[in-house]
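No value in this document is a laboratory result; all are computed from the given coordinates. Everything numeric in this text was worked out from a predicted model, so none of it was measured. So basically every Cβ, Gly included, is an ideal-geometry build from the backbone, and we count neighbours across all protein chains shown.
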């Protein structure tokens, strides 16, 4: 596969997608960690991320499986909520009313698809804006602002966070091209 | 071999579901099996409901592979339904309604309607068989250690309004799917069983002897009413199904279509042209909008957006809206008008020539159908072909079933209308039995009934929901332009229990050996005290319903072709729950000489003339 620079929207999508997977798929996180270690620009080597299960991961079986899952999710969101159509289209020339109408289609369909295949819950149940004391730093709460000192950490909850508790994508059967997230349509009359 | 599970199958017009309970285990609770199905090309997922749609692949398409069959050329479920919008000629929907429609030969290949030439049509029986077969395959795939459904006890639900022929054909489909231990159960009864299962022993505190439960079941394609009495039985509480309604082809899908039509009309007036695909998408979008409006009283309107068909989502999409006032006018007032107890559904005479199509109810007002049902079975009004039972009493409780009735506003309207009628007649208001999970209740109740058959709970008694009659032409000289009058000979009285025989009617009928003899066949859900052998010379309009005719062929074996044989007709109800009609030779040439009569042969009442 030739690697070219991705457009902004694709990168946005990819970051959204991978952030979940890094959190919940130890193996994938390890792959990202390796990618990051291996290909990172040499000028500033950042501290290595947490070595989660790194040693257990054989190098060869990383890319294909995860790519299929991502493609499958894209196909699902396109099928149910026209997600790819929406993201691929330039919005500049359209008014808010039109974008709003399209957003309803995308929101309704993607929401249905996500709810059918995943259970997404809040990481914290407190209201956003509430004061919170954290006895110790954990992976599921990111500290922002004046990040210094030691636990307990006191602060204001800005974002409740999301956690995917269950993810059950459809099983892939038969030999189909996974990159075909939506086939072209030809109407016969 | 003895079954390990009892399986409850709701073979629905639009959705099917499967529930199971382990026999003899420590845990006899009912659970729902998630059914593996194709949800998109190359994607298989498990869902609690299996859309009752069948799609046949075109040669241009790859195999519709499932985890258990890589080469399959057809599919059942979600993908089939999705293809229904894109390639409708290749999709079978509402197979169940076709199965109960006597206007066609239900064993002949006539589905999908309008199929292209490359596609071999199949019969409604085979379509039903394929749906059941899919459930069997999904069961095997999900529980490889538990074998096949053929090894389990299967309870298959049918509308209470299915006549003997449609019940027979349902069993035929089940036997073709290999279900050797199958029993039929009426859907409204299944809903009540589910309610009992859900309430545990507490249900006895909700119902008292003397209560009469009205079950209102509105599914995607059909509406079904039943009355079930709570009775004193050997010192404890028993249940007895006392009446069932007519087969009404009217359900949630009609409601979505009606709203789509309203919104589509508005869009057309705004100069927006909709093609067939967009009309399909509109019904889908209207269903979503309807559900939002019905569940949130603060919303005044919900946008209905039809996405463009091309890859440019913006610019090509059409935006309409569904307003609360429209939902109230067309859904509430159209399907659930607050009518008086004397209103009756309008009967539109069927046009002489009609396209092959299902006999949809011609009046959409479900409350009018309900008024007619209650007039016959609960209010004992002589003018309306009322039940001849002296036990006509109004209902005291209501149990709702079916996805449509998830909406509070619709349930409230039904309750208020019914209670208005009851109040007017000086009866107490009916209370509502709280049910849950209106989509899956029938399958769950069916599995629970399987346990009941093993003595684990209370059984609803009731027997056959109709009395059955054969038509006999009275002997009279032919008069031009006058059809000889037809008498109705009762062969099966109302309320026959499973495994019982009707008395042998004394009347003789004559059959020519080697030639098929057809009889007109009638059913009545209101005449409850005609014994086998009674002959009706006349009956009130609506009291007897003509069913597809029945056929008897005496094979020449042992008798000379052309001989005339005198027979008696005897009815029995099999352990499965189907009606069996046999002709018994009056002068047998071998011991116990009898022939089975074919129910539901061909042609409906309308086309047999």
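Using the average count of surrounding beta-carbon atoms within 10 Å as a protection proxy, the listed peptides A:124-137, B:274-287 rank, highest first, as B:274-287, A:124-137. Using bins of 5 Å that start at zero, the share of Cα-Cα pairs per bin across segment B:5-185 amounts to 1, 8, 17, 21, 20, 16, 10, 4, 1, 1, 0, in whole %.
Computed over segment B:252-335, relative contact order equals 30 percent, with contacts defined as Cα pairs under 8 Å that lie 6+ residues apart. Dividing the convex hull volume of the alpha-carbon atoms in the protein assembly as shown by its residue count gives 237 Å³ per residue.
Against the main long axis of the alpha-carbon atoms of chain B, helix B:164-176 sits at an angle near 70°. Each residue of segment A:126-165 gets 79 Å³ once the volume of the Cα convex hull is shared out per residue.
Three semi-axes describe the equivalent ellipsoid of segment B:1-74; taken as square roots of 5 times the Cα gyration tensor eigenvalues and ordered largest first, they are 30, 14, 11 Å. To the nearest 10 degrees, how steeply does helix B:276-295 sit against the main Cα axis of chain B, on a 0 to 90 scale? Once rounded, the angle reads 90 degrees. Highest average first, the peptides B:325-334, B:70-79, B:57-66 ordered by how many other beta carbon atoms sit within 10 Å of their residues are B:70-79, B:325-334, B:57-66. Helix B:187-199 and the longest principal axis of the C-alpha atoms of chain B enclose an angle of approximately 70°. Calculated translational diffusion coefficient of segment B:526-585 (4 °C, 1.567 mPa s; Stokes-Einstein with Kirkwood radius over alpha-carbon pairs) equals 87 µm²/s.
A convex hull fitted to the Cα coordinates of segment B:467-596 yields 127 cubic angstrom per residue.
Taking Rh as the Kirkwood radius, which is the inverse of the mean 1/r over Cα pairs, what is the Rg/Rh value for chain B?
Taking Rh as the inverse mean 1/r over Cα pairs, Rg/Rh reads 0.97.
Over the protein assembly as shown, dividing the summed -39,500 (n - 2.57) contributions of all DSSP H runs of at least 4 residues by the number of residues returns a 222 nm mean residue ellipticity of -9000 deg cm²/dmol.
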